[in-house]
Every structure is written in structure tokens, then in C-alpha cells.
Amino acid sequence: VGLLGYGRVGQAVAAGILQSRGRLEAAGVSLTCIGALVRQPARLRGGPPMPCTTEPAQVISRADLLVEVLGGIEPACALAGAALDAGTPVVTANKTLVAHHGAELRALAAARGTTFACDAAVLAGVPFLGSLARRPLVSASRRILGIVNGTSHVVAGALDEGASFDEALRLAIDAGYAEADSEADVSGRDAAEKLTVLLHLAGQHGAAPGRLTAGRLDALDQEDFRDARRAGGVIKPVVLASLEPGASGAWVGPALVVFDHPFARLGGVDNVLTLTDSHGHVVTFGGPGAGPAATAQTIIDDVVEAAVRGRGAPRRPIGSVGANGTPRVPLDEPPPGPWFLRVDDGGRALTVRRFAEHLAAAGVGPVHLTARRRRLVARTAPAPWRAVCRALESCGAGRSALVLPIIEHQSHASKETHR
Ligand SMILES: NC(=O)c1ccc[n+]([C@@H]2O[C@H](COP(=O)([O-])OP(=O)(O)OC[C@H]3O[C@@H](n4cnc5c(N)ncnc54)[C@H](OP(=O)(O)O)[C@@H]3O)[C@@H](O)[C@H]2O)c1
């Protein structure tokens, strides 16, 4: 096994392969890490001793199989592409690479009769992507809902308990969950990449992280969390996509999850994903979304599968099912649904009554409307995103307003629809 990257995950893969030697041999594979590509070979590392190099060819040319854990797009994409082109299987945990170039790398692997596996790219410690890729019915989901970024989940949890944003982020960094540069977590970019991988799996091959609507976690203040609780839910960072023709859309970012929804009880770095089919059946995956050891286990299982299958028998690439017969739907706006709105008065003397009139004129029915300390908070009936935006523009709130989807319990939501 050649390692592209010997950081946290790369070292955990090397350690896992050593620790699991007996179990792996029982499964019919004997794995040895032959070396790692890094930026700084002289850096002190805690993992098993490993020949480290800055020269990719020294790793790629000698390996039967590559594990790509560099992160980012380049040089990961060029190196994975060169290896696949030469028929060498590649296993990756890099969601950025998979979200942006997964389709072409999969196609290359298929053309060369080899494997491109990426189960650790989404819900890293929960190996499910590969099995879904071989299951056309489950992967043809109509609704995707998940909490797929552990860092933002920890930050949102601390905000909910009354911490300021800086305190919440510091807590996540000190606990080892967040990086000093947490922009990918706070902006939703990390979660958007993971949702893109899931949308490709569901046959939406045009989906791209930059085209999904994302809300920032740092747009919220402590009062929003209190208002959310008064409105009957807790704010969680979610990914949401509806693939229903005529009611499609996607959202990445904070949402109000009603108290009786199973997600409302989750905390810490928990990750969870639910896929709902056209009959309303829900399949749920949950578990560790990150952490080097959990990620390494998923990677090593992918390595074993690729090794057992050999170069001539690639497993079915992700995205190859669900592709045919799945109507392409627009995903550049959030799907219709109920909304949690916060509008700061901002000196406009906006009363509850005036706000309700603006909502009604745009066709948005408020379910619950309150005013407190110069801010108005509404929980609305299901409405299209554009109607909500129209109402906010017309009352002058526009971009300063907070708009969060409300995630209702599935059975309640469907009762609402039948009504
Ligand atoms: N950490 C997690 O829990 C987790 C979970 C799921 C998925 N992932 C994914 O796994 C990947 C790796 O994450 P990580 O946490 O292990 O990152 P990391 O600790 O930053 O390690 C990255 C490694 O890649 C090397 N590297 C980066 N750019 C390079 C370049 N241009 N040329 C040569 N070497 C380069 C670094 O070399 P130096 O050591 O010399 O700097 C380092 O060894 C990412 O795609 C991440 O999204 C991570």
C-alpha cells in the first residue's frame, strides 16, 4: 500500500494495518505500507515509522494500491488519475476530490478495470457509500437529510447552551474537533461537498458544491437559539435535499429541527444520515463522522475489498446506479417547506401585524409570530423559498433576515402534506 499523505489519517491507516495484521490475513490479504508522499519528510510524526518522500513516483510506481489522504484537489486529483490510468486501485477519504472530480475518476477506474473507492469521504466512520452504490433502489432516494459535519454540530451544540460563537469554536478546537481554520465547517463548504457526493449517488450528476444554497453558522446569535427553542425546536447544521420533481431543492446549513424529530436528541460530533424513498421508507445511517481511527477503519476495509477483488474485477463505481431513470431536478434553491424567520426591526417600526401582512401578500402563512426586543420571529406554514424571499424583500429585511428551514418529524410532515 502506498500512502499519499502521512498526516492524521495516513498515520492511522498505517497503524490500523499493523494492528489488524492477523484479522486481515484471515480475510486473505497481507498488507504492507511501503512509503508515504508528504510535504516535509523530516517532520516528526507519531505514527509507525514510514519512509517519507516528496517524490510521488517513489510511492506510486512501487505500490499495488494507493490510499489518497492528502486532502484538497491538487495534487490529489492528478496523482489519483495517474495511478488509476496505470490500473492501480485508489482508495480515498478526500470528499473535496470526490465532490469535484469523483465522476471522472470513477469513469477512468472503470475504463482501466480497476477500483476507485471512497467510503470514508462521507460519514467517515460509517461504511455505507459503497454498499449504496450497488443498490439501485435504496440509492434512488427522494429525500436526503443529514448532519454530516461533526465540527459544526459541536459548535451549534455549544451555542445552544449559551456560548458565544468564539467560545463555541474555541471549545471545538480545544476538544480536537475543529481546525484553527474552520472556514470549511462554518461556511458549510465541507457539508456541501458531502451532500454533492450523496446527490451524485442518487443520480443527480449535475450537482456541484458551489451551486448549493448554504447558510453560515456564524450568521446566528445566541438569541436565535433561544428563539428557536421557544418556537419548538433546536438549531442543528444539516444537509437537506428533496429530489421530488416540482418540489426539489437543496440546503446546507443551520435548520430548526423540531423537538420530536430524532435528530434533535443528537449531540456532540454525532453524524447521521437518512434517505427516504418514494414510498416514504426511511433508511438511517449513523456513527462517527470523522476522527483518524474511525476513518482509517473504513479506508482499510476499502483497501481489503479492492485487494480481494484484484485489478481485473472492479466493484461497481458509485454513481453508476440510479443514474438511469432518475429525473434531473433543479437543486440550486432550498426545497419548499416550513420556515423559521428572524427579522430585526432595524428602525423600520415593523410590527407583528405588518410583518404578517408582508408574509400573507407573498403567499406565506405564518403559524406563529412573536416580537421581542426589536426582532420579529416567525414559524411559517410550508411555502416555496422564493415566496419567503419575496416577503422579506418587501418588508425591507432582505439579506439581514435569518431564514432557516424547519425539519419536521417525517410522519407529522406527511400528515401536513395530506391535509
Ligand atoms: N481527519 C479526519 O478525521 C478525517 C476524516 C475523514 C476524512 N478526512 C480526509 O482525509 C484527508 C486527510 O486528512 P488529514 O486529517 O489526515 O490531513 P492532514 O493531517 O493535514 O494530512 C495531510 C497529509 O498530506 C500531506 N500533503 C498535503 N499536501 C501535500 C502536497 N501538496 N504534497 C505532498 N504531501 C502533501 C501532508 O504532508 P506533511 O505532513 O508533510 O504536511 C500530510 O502528511 C482529507 O481529505 C480529509 O478531508 C479526514
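The values are calculated or read from the model by the stated rules, or taken from the named source; none is laboratory data. Just so we're clear, the structure is a prediction, and the values are computed from it rather than from any experiment. As a convention, Cβ positions derive from the backbone with ideal geometry for all residues, glycine included, and neighbour counts pool all protein chains shown. Each accessible area value is taken on the protein alone, full model and side chains, heavy atoms only, with ligands, DNA and RNA left out. Shrake-Rupley method; radii C 1.70, N 1.55, O 1.52, S 1.80 Å.
Couple of notes before you dig in:
- Normalised alpha carbon radius of gyration of the chain [divisor 2.2 N^0.38 Å]: 1.05
- In loop segments of the range 175-263 as defined by DSSP, the GluC sites (Glu not before Pro) with at most 12 further C-beta atoms inside 10 Å of their C-beta are GLU179.
- The angle between the Cα long axis of helix 292-309 and the longest principal axis of the Cα atoms of the chain comes to about 50 degrees, rounded to the nearest 10.
- Nearest-ten-degree value, helix 189-201 long axis tilted from longest Cα axis of the chain: 70 degrees
- Highest GNM mean-square fluctuation among LEU24, LEU240, LEU129, for the chain modelled with Cα contacts below 10 Å: LEU24.
- Dipole magnitude for the chain: about 720 debye, using +1 per Lys or Arg Cβ and -1 per Asp or Glu Cβ, origin at the Cα centre.
- Computed per residue of the chain from DSSP H runs no shorter than four, each worth -39500 (n - 2.57), the mean residue ellipticity at 222 nm is -10500 deg cm²/dmol.
- Highest-MSF residue in the chain out of PRO254, PRO237, PRO366 [GNM, Cα springs under 10 Å]: PRO366
- ASP224 exposes around 0 Å² of accessible area when a 1.4 Å probe is run over every protein chain in place.
- In this simple spin-label approximation, HIS368 and GLU393 carry label points 7 Å from Cα along the Cα→Cβ vector, and these lie 3.0 nm apart.
- Just the protein heavy atoms count here, and of the accessible area of the range 186-242 at 1.4 Å, carbon and sulfur take up 48 percent.
- Positive-end residue of ALA362, VAL29, PHE340, charge dipole of the chain with Cβ unit charges: ALA362
- A 1.4 Å probe, protein heavy atoms only, puts the accessible area of PHE165 near 40 Å².
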